[in-house]
Amino acid sequence: MHKALALSVMVLLATTAGLEAETLKLAVPQKGAWDTSFCSYGVRQGFFKDEGIDLAITYTEGGATTETAVVSGSVDLAVATGTLGILSAYVKGAPVRIISAESTGSADLYWYAKAGSGIKSLKDLKGKTIAFSAPGSSSNLSLLTLLKEQGVAAKPTPAGGMPATFTQVMSGQLDAGWAAAPFGVKDIQDGKIVVVARANDSPSVRTETIRVNVVNLNTLKQKRDAIVRFMKAYYKSYQWAYSDPKAMDYLAEDNNIPHAIAETTVKQFMTKQANDPYHISGIQRVLDEAYAAKRLAKPMKEDEVKGAFDIVWKPGS
C-alpha cells in the first residue's frame, strides 16, 4: 500500500510539473488597439494558460522599437510588427522568423486633422506635416504609399504613439495625425477631428500583409514547442474576439470608451479576414518598398526570403 501510494504521489507530482506554465516575453505595439489586444484577451480568457503559457507583455510604440526588441532577444516574440522592417532585418542576418500574419491591409489605420483646420483630405496636406508612428512601421509604409498614389507632396513626420500624436495635432504642432481605431473614434463622432485618409484607401495596402507576428530565432530553437502552443492560443483568441460580445467589453474597458464606441470601432474599421493569421499576401510589394526605402541593398524576389517564414502551426495540423 505504501509503495502504491508513493508511486501515485510521484505520478501526480510529475503531471503537475508538466502543467507548469512556461513564460514567454512578448512585445506588443500600440496598447489597446483591437488586433494588438488578441493576446491580452486570450490571457484574460485563459487560453494561454490552457496551453501552459504565461505571457510577460511589454508594450511599445511600434516600428523599430518592436523590431529591435525581438531581434535583440530582449523579448521572445512580437506581434503586429511591420513586415517591411522584419524582412529587411532578416536579409541583413537578424535572428528573427515570421510565424504568422497579423494584418493584411490596415482597416483600422487612419489619418486625421483638427476640426476647423480646413484640412479635409490628403490633397489639402501639400507642404504640410502628416504623422506616422516610427520609421519602418506599418503607419510609415502605408502613408508613403498613399502619398505616392495620390501625388501629394506632404511632409511625413515620425510622431510616436497615438496619444502623443493627438496632443501634437490638437496643439498645432502637426497638421495631421495618425491613429488606429478605437483611438480617436469618439473624437470623430464628437466632431473634434476629421478623417482625411484611411490606409485601405490604397488598393495596394488592402491586399498586402503589412504586419506579422515574429519570434527571435534563438527562442524558436530552444522553445519551439512553447511557440507552437503560443500560436494555438493566439489563434483561439483571434477566433474568440470576433465571436464573443465580451471582447467589446474588453475593448471598451482597455480604452476607457463607451461600449457603443467599441462596437462601432469593430464594425466600421475591422474585419476578421484582415486579421487571419494564415493569410499572407503581397510580400513582393513589401520587398519592392523596402528597396525603395533603402532598407535593402538590392532588389529581391519573394523566393529569396522564404527562409524568413517558419509557420510553426496551422489549424488542423
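For the chain, what is the mean residue ellipticity at 222 nm derived from helices alone (per DSSP H run of n ≥ 4: -39500 (n - 2.57); sum divided by total residues; nearest 500 deg cm²/dmol)?
Details: 14 runs with 133 residues, N = 317.
Here the helix-only value at 222 nm equals -12000 deg cm²/dmol.
Can you put SER37, SER133, SER237, SER243 in order of Cβ neighbours within 10 angstrom, beginning with the fewest? Display every interim value, and only then the final one.
Values: SER37 25, SER133 31, SER237 21, SER243 10.
Lowest to highest Cβ neighbour count: SER243, SER237, SER37, SER133.
Give the order of TYR90, TYR291 when sorted by the count of other beta carbons within 10 angstrom, beginning with the fewest. Please report the intermediate quantities before stating the final value.
Working: TYR90 20, TYR291 15.
Final ranking by Cβ density, sparse to dense: TYR291, TYR90.
Which order, highest average first, do 292-305, 185-198, 72-85 follow once you tally other Cβ atoms within 10 Å for each residue and take the mean per peptide? Don't skip to the end; give the middle numbers.
Numbers: 292-305: 13.3, 185-198: 17.6, 72-85: 24.9.
Output ranking for 292-305, 185-198, 72-85: 72-85, 185-198, 292-305.
Which of the peptides 255-268, 141-154 is most tightly packed, and how do the rest follow, judged by the mean count of other Cβ atoms within 10 Å per residue?
Details: 255-268: 16.3, 141-154: 18.5.
Per-residue Cβ counts within 10 Å, averaged per peptide and sorted highest first, yield 141-154, 255-268.
Return, for the Cα atoms of region 109-206, the radius of gyration and Dmax in Å, separated by a comma.
Final numbers for Rg and Dmax: 11.9, 33 Å.
Cα axis of helix 138-150 to longest principal axis of the chain: angle in degrees, 0 to 90, nearest 10?
On a 0 to 90 degree scale, this one is about 30.
Considering the values [x] 1.03; [y] 1.00; [z] 0.95, which represents Rg/Rh (Cα atoms, Kirkwood Rh) as calculated for the structure under consideration?
[x]
What is the local net charge at ARG206, summed over the other residues whose Cβ is closer than 13 Å to its Cβ (Lys, Arg +1; Asp, Glu -1)?
Result for the local shell: -2.
Charges at C-beta only: +1 for Lys and Arg, -1 for Asp and Glu. How large is the resulting dipole of the chain about its Cα centre, in Debye rounded to 20? Walk me through the numbers on the way to the answer.
Working: 35 positive and 31 negative charges, 105 e Å.
Roughly 500 debye, rounded to the nearest 20.
Every number in this text was worked out from the coordinates using simple rules, so none of it is lab data. In this text the structure is predicted, and so the values were computed from the model without any measurement. As a convention, Cβ positions derive from the backbone with ideal geometry for all residues, glycine included, and neighbour counts pool all protein chains shown.
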